[in-house]
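Inspection log for the structure reproduced underneath, given as structure tokens.
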Amino acid sequence: MPEMPRVPRSSLLVEAFSLETQVFTSFLEQLSGSGFEELYVTRRPGYTYVVVNGEVVQVAVAPFTLVFPPDRSEQAGAVAGRYGLPRYVTHKDTWLEYSLVNASSLASTLRGLLSIREQGVLKVSDWLVTVSSPGPACGELVAVGQVYTSLGGLVGHHDLFDPAVREASSEGREGCFTPVIVAVGPGGAEPVVQACFEERKMVVKPPGTGECPGFWRIIHWLLIDVSAGSAD
């Protein structure tokens, strides 16, 4: 097993989970415009010690937390501050699983996503992402699988033993495709994101009539996951 990457003392951790796709894209573009061509994204849960109000406390680090090295933490913190994002400075060296992503390339990818919300195809790293016919309206999204990084903390919690969720997860398996995200609504449950790992293909079915809270935000984190590649 490879050694877990080191996060040096005085690195900056930024939680950008609350940002919707367009705002997150703007955030990435501002980072890129401030000289940040690369940043890191965590892939597994972890913990570290940080300074909060002058005190050292232990905090959990969730997957998809953004990490900036000590020599860039002040600049990154200034950009994150404009968006009101929670951020922490590490008190000492720690070890977290993370991957490198390119800020401007990722922003371009997300701009592409914003432009094809009706229907279209997007090339992301070595994956082909197809936005297809509208999916169901829903009140909740459930992660029933993952590509490389768990989406559970971003999607929220739902009883995976719910019969409707289990049925949708089971019946949604077609050929090489397996469900990743299931939408739950008044009419039941239905897969809205499916992935074919052998062929590196993903199909996304955006919500039809009504609303599906947080749908596109979850999709943009999925694209970040794909852009960063395998965490192994």
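The values are calculated or read from the model by the stated rules, or taken from the named source; none is laboratory data. Keep in mind that this is a model prediction, so the values were computed, not measured. We place every Cβ from the backbone using ideal geometry, glycine too, and count neighbours over all the protein chains shown. Each accessible area value is taken on the protein alone, full model and side chains, heavy atoms only, with ligands, DNA and RNA left out. Shrake-Rupley method; radii C 1.70, N 1.55, O 1.52, S 1.80 Å.
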Legend entry - Count of residues meeting criterion [without any contact (Cβ under 8 Å) to a residue 60 or more places away in the chain and touching a Phe, Trp or Tyr at 6+ places or on another chain (Cβ under 9 Å)] in segment 42-56: 7
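Each row is one residue, and each column tells you yes or no for (1) in a loop (DSSP other than H, G, I, E, B); (2) open to solvent by 20 Å² or more (accessible area, probe 1.4 Å); (3) charged (D, E, K, R).
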residue: K123; (1), (2), (3): no, yes, yes
residue: C138; (1), (2), (3): yes, no, no
residue: Q146; (1), (2), (3): yes, yes, no
residue: L160; (1), (2), (3): yes, yes, no
residue: A168; (1), (2), (3): no, no, no
residue: P191; (1), (2), (3): no, no, no
Legend entry - Test set (1) without any contact (Cβ under 8 Å) to a residue 24 or more places away in the chain; (2) surrounded by 16 or more Cβ atoms within 10 Å (Cβ to Cβ) - L39 fails condition number: (1)
Inset, instruction - Looking only at segment 195-211, count how many residues are assigned to a strand (DSSP E or B) and open to solvent by 30 Å² or more (accessible area, probe 1.4 Å). - result: 3
Inset, instruction - Kindly indicate which of V89, V101 is part of a strand (DSSP E or B), open to solvent by less than 70 Å² (accessible area, probe 1.4 Å) and over 22 Å from R217 (Cβ atoms). - result: V89
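Being out of contact with any His (no Cβ under 6 Å at 6 or more places or on another chain) and within 10 Å of L13 (Cβ to Cβ) narrows it down to one of V89, V79, so name that one.
Details: V79 fails: within 10 Å of L13 (Cβ to Cβ).
So the residue among V89, V79 that is out of contact with any His (no Cβ under 6 Å at 6 or more places or on another chain) and within 10 Å of L13 (Cβ to Cβ) is V89.
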